[in-house]
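Asker: I have a structure here, written as structure tokens, and I will follow up with some questions on it.
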Amino acid sequence: MRKKLGEVLIESGLISEEQLQKALSIQKEKKQKLGTVLIHEGFVTKEQITEALSTKLKIPVILCHEMHIDDSLKKIVSKEAALENLIFPVELKNNVLTLAMADPLDYKTIDNIAFKNNIRVKEVISYDWSIKKAIEENYEERLEEVFDQFSAAVDANVDKEVEFMEEKDEEEIGGTIESLYSKSNFPPVVKLVAMLIADATSKRSSDIHIEPRDKFVQVRFRIDGEMRNVLRYEKTLHESVVSRIKIISNLDITNRRLPQDGGAQVAFKGKVVDLRISTVPTVYGEKVVIRLLDQSANLIPIEELGMPEQTMERLIEVFKRPQGMLLVTGPTGSGKTTTLYASINQLRSDTKNMITIEDPVEYKLPGITQIPVKESIGRTFAAILRSVLRQDPDVVMVGEIRDFETAEIAVKAALTGHLVLSTLHTNNTIATISRLLDIGIAPYLLSSALSAVIAQRLVRRLCNYCKEEQPMSDENIELLKNAYNICSDIKKLYVPKGCPKCTNTGYLGRVAVYEFLPISTRIKKLISRNAADNDIFEAAEAEGVSFLFNEALSKVRSGVTSLDEVIAKIPMDYYSTSCSVSAQAA
């Protein structure tokens, strides 16, 4: 009997019948796949869907991005079919095709392949990123084919007229003293560092903190935005551990008195993980922070960011404009970079010249020119941006606007036919306008250049395996009314409990909360005359802008996060003149 996705997820305890019916209603209206709707609404993650399908259907999960297949399999599944349906042919044996699928319940695709090729299909599950990489690796044109095609269109001897100039690599790193390697290469130290990285990757940690204290060294992981103690070890090992980390990241192990930054790359369970390593001297020895960047998760479709449908549609409208400026704002760790990469992914096209300026380049994007900032040699955001504008760009992403010079060049670029994307560290959308005016951008220039501002935060997602429902208490109602001037229509809450799946925290993963401010004609006029924040807020409210706290409360209503998490993580920057119902009615 063929099962449906909703049945599988309900049987697994991941969603409720109420959530399924809501998703089915949205699916009918938007003509999207049910899984896409469920992820977009924040009810489940892609990983949870994969695990549930694997368990309930007894189908193994495989990684196929390192597989190399015969050309005969490509005739059974074309590149177009593979990309459209997120499938990858693994093996054909005894007239049975093993087919890796992101959605093993896509029976229409299974039946079409089986009927068209007169074979049986045995489905296995794989992650969409793994399938996409496998397609990219296996279906790409061979170099000989590309050369033959190109040489047919040009003079075959044209290469003899080209002479390449030899350049020295400015990034070349000098050697270190061999004798200092001995302790750090001792097998237990090597194993300890490797285990820390593997454990952090398995636990979805974004950062590893190795902190020397008075009598021991504390290792902590940042998971879902929160720090957690994971290990202590004796201080006698610390120097060797730090040296080992410096060796793998090409840092100077003889220098313990100055901060250093480096990088490395590791492969773990089929994933490629970039490590960004920072060391800094403290009173008890060197502290090391390792940021982990999973290269398999770099291109998140904009539909999977968890934006409200209306916000996403307005954002895509901004992307359709030939010029202007989109700013994403929020504190460090609020997901700004993820939103920018999703935006770049949405904009990516063979017909556009797209350039990014980043500090550092976190993920490598095919088809896009990416330039790393290096301030020590004068390669600043402003200096690179000035040069980039002479490279005929259509879209420019500036990792961060830090000063007047960068802001001024970015604004002028947005006024001269370029689409500019960047980030700023402010609390909300309206404060972003104030910040740019305060650092010296002329109001009339900003009003003309700015297209939209997004403010965002990340809140922890309640664990779907153990969250508990409870009625909204009078205490919470009074808290929202007195502290935030919000009359809540929320009748019930979900609260964290804790189970082995979420390491007894009650939370598993994070979800973004967005505030989207389109710069309408009315708001442009207010900016141009340097109006007060309150005036802009009133105009935005009148035009239907939903602010961060109200958006967060809608996540509480749908059971995605808890009220305590929202109060702890989301600032309430705006106050209406009277008590108003929070967010829109469900």
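Asker: Are there any pairs with C-beta distances below 7 angstrom linking a residue in the range 214-233 that is within 22 Å of residue 509 (Cβ to Cβ) to a residue that is in a strand (DSSP E or B) and of a type in the set (S, T, N, Q), with the two at least 6 apart or on different chains, and if so which?
Answerer: Going by the 7 Å Cβ cut-off, the qualifying pairs are 220/229; 221/205; 222/205; 222/206; 223/205; 229/218.
Asker: Just give me the residues in the range 313-327 being touching a Phe, Trp or Tyr at 6+ places or on another chain (Cβ under 9 Å) and free of Cβ contacts under 8 Å to residues at least 60 places away in the same chain, in sequence order.
Answerer: none
Asker: Being at pLDDT below 85 and among the hydrophobic types (A, V, I, L, M, F, W, C) is the filter; apply it to the range 484-494 and report the residue that is surrounded by the most Cβ atoms within 10 Å (Cβ to Cβ).
Answerer: Among those residues, the one meeting the criterion is 486.
Asker: So which residues in the range 247-262 are closer than 19 Å to residue 189 by Cα and of a type outside the set (S, T, N, Q)?
Answerer: 247, 248, 251, 252, 253, 256, listed by residue number.
Asker: For residue 328, state whether it is of a type in the set (A, V, I, L, M, F, W, C) and under 30 Å from residue 49 (Cα atoms).
Answerer: Against the criterion (of a type in the set (A, V, I, L, M, F, W, C) and under 30 Å from residue 49 (Cα atoms)), residue 328 qualifies.
Asker: Can you pull out the residues in the range 552-572 that are more than 20 Å from the chain's Cα centre (by Cα), not in a helix (DSSP H, G or I) and not hydrophobic (A, V, I, L, M, F, W, C)?
Answerer: 558, 559, 562, 571
Asker: Would you mention how many residues in the range 497-556 are farther than 30 Å from residue 449 by Cα and free of Cβ contacts under 8 Å to residues at least 12 places away in the same chain?
Answerer: Result for the range 497-556: 2.
Asker: Tell me, which residue of the range 513-551 that is among the aromatic types (Phe, Trp, Tyr) and under 23 Å from the mean Cα position of the chain (by Cα) is farthest from residue 441 (Cα to Cα)? It would help to see each step written out before you state the result.
Answerer: From the range 513-551, those among the aromatic types (Phe, Trp, Tyr) are 514, 516, 537, 547, 549; that's our starting set.
Filter once more, keeping what is under 23 Å from the mean Cα position of the chain (by Cα): 514, 516, 547, 549.
On the way: 514: 25, 516: 22, 547: 25, 549: 29 Å.
That would be 549.
Asker: Now a separate question. With respect to residue 341, determine if the residue is assigned to a helix (DSSP H, G or I), among the aromatic types (Phe, Trp, Tyr) and either closer than 27 Å to residue 571 by Cα or open to solvent by less than 40 Å² (accessible area, probe 1.4 Å) (or both).
Answerer: yes
Asker: How many residues, within the range 334-363, are in contact with a Ser or Thr (Cβ under 8 Å, 6 or more places away or on another chain) and on the phi > 0 side of the Ramachandran plot?
Answerer: 0
Asker: If we scan the range 123-141, do we find a residue that is at pLDDT below 55, on the phi < 0 side of the Ramachandran plot and assigned to a helix (DSSP H, G or I)?
Answerer: Checked the range 123-141: no residue is at pLDDT below 55, on the phi < 0 side of the Ramachandran plot and assigned to a helix (DSSP H, G or I).
Asker: When residues of the range 525-545 are filtered for being part of a helix (DSSP H, G or I), surrounded by 12 or more Cβ atoms within 10 Å (Cβ to Cβ) and not polar (S, T, N, Q), how many remain?
Answerer: Counting residues in the range 525-545 that are part of a helix (DSSP H, G or I), surrounded by 12 or more Cβ atoms within 10 Å (Cβ to Cβ) and not polar (S, T, N, Q) gives 11.
Asker: Could you check how many residues of the range 243-260 are at pLDDT 90 or above, under 29 Å from the mean Cα position of the chain (by Cα) and either of a type in the set (Gly, Ala, Ser) or open to solvent by 60 Å² or more (accessible area, probe 1.4 Å) (or both)?
Answerer: Adding up the residues that qualify gives 1.
Asker: Here's a follow-up. So how many residues does the range 190-228 have that are part of a strand (DSSP E or B) and either out of contact with any Gly (no Cβ under 7 Å at 6 or more places or on another chain) or at pLDDT below 90 (or both)?
Answerer: 18
Asker: From the list 461, 390, 386, which residue is over 30 Å from residue 492 (Cβ atoms), out of contact with any helix residue (DSSP H, G or I) (no Cβ under 7 Å at 6 or more places or on another chain) and at pLDDT below 95?
Answerer: None of the other options fit; the residue is 390.
Asker: What's the number of the only condition in (1) open to solvent by 10 Å² or more (accessible area, probe 1.4 Å); (2) under 19 Å from residue 381 (Cβ atoms) that residue 330 fails to meet?
Answerer: (1)
Asker: Of the residues that sit in the range 504-524 and are within 22 Å of residue 39 (Cα to Cα) and part of a loop (DSSP other than H, G, I, E, B), which one is modelled with the lowest pLDDT?
Answerer: First pass over the range 504-524, keeping only residues within 22 Å of residue 39 (Cα to Cα): 505-516.
Adding the requirement that they be part of a loop (DSSP other than H, G, I, E, B) leaves 505-506.
Working: 505: 90, 506: 93.
Filtering first and then ranking leaves 505.
Asker: Restrict the check to the range 179-189 and report whether at least one residue is open to solvent by 90 Å² or more (accessible area, probe 1.4 Å), touching a helix residue (DSSP H, G or I) at 6+ places or on another chain (Cβ under 6 Å) and modelled with pLDDT under 90.
Answerer: Scanning the range 179-189 turns up at least one residue that is open to solvent by 90 Å² or more (accessible area, probe 1.4 Å), touching a helix residue (DSSP H, G or I) at 6+ places or on another chain (Cβ under 6 Å) and modelled with pLDDT under 90.
Asker: Among the candidates 306, 330, single out the residue that is at positive phi, in contact (Cβ under 8 Å) with a residue 12 or more places away in the chain and either among the charged types (D, E, K, R) or touching a helix residue (DSSP H, G or I) at 6+ places or on another chain (Cβ under 6 Å) (or both).
Answerer: That would be 330, the only listed residue that is at positive phi, in contact (Cβ under 8 Å) with a residue 12 or more places away in the chain and either among the charged types (D, E, K, R) or touching a helix residue (DSSP H, G or I) at 6+ places or on another chain (Cβ under 6 Å) (or both).
Asker: Here's something else I'd like to know. Within the range 344-443, which strands (runs of 3 or more DSSP E) (wholly inside it) include 2 or more residues that are of a type in the set (Phe, Trp, Tyr), touching a residue at least 40 places away in the same chain (Cβ under 8 Å) and crowded, with 20+ Cβ neighbours inside 10 Å?
Answerer: By residue number, no strands (runs of 3 or more DSSP E) qualify.
Asker: Looking at 497, 501, can you tell me which residue is open to solvent by 40 Å² or more (accessible area, probe 1.4 Å) and more than 25 Å from the chain's Cα centre (by Cα)?
Answerer: Exactly one of 497, 501 is open to solvent by 40 Å² or more (accessible area, probe 1.4 Å) and more than 25 Å from the chain's Cα centre (by Cα), namely 497.
Asker: Of the numbered conditions (1) closer than 18 Å to residue 567 by Cα; (2) touching a Leu at 6+ places or on another chain (Cβ under 7 Å); (3) open to solvent by 20 Å² or more (accessible area, probe 1.4 Å), residue 475 fails exactly one; give the number of that condition.
Answerer: (2)
Asker: Any idea which residue in the range 348-383 is farthest from the chain's Cα centre (by Cα), counting only those that are at pLDDT below 90 and of a type in the set (Asp, Glu)?
Answerer: Within the range 348-383, the match that is farthest from the chain's Cα centre (by Cα) is 375.
Asker: Taking the residues in the range 205-239 that are under 18 Å from residue 192 (Cα atoms) and under 20 Å from the mean Cα position of the chain (by Cα) as candidates, determine which candidate is surrounded by the fewest Cβ atoms within 10 Å (Cβ to Cβ).
Answerer: 207
The values are calculated or read from the model by the stated rules, or taken from the named source; none is laboratory data. Every value quoted in this text rests on a predicted model; they were computed, and no experiment measured them. Counting neighbours? That spans all protein chains shown, and the Cβs are built from the backbone with ideal geometry, glycine included. Heavy atoms of the whole protein, side chains included, go into the accessibility calculation; ligands, DNA and RNA do not. Shrake-Rupley method; radii C 1.70, N 1.55, O 1.52, S 1.80 Å.
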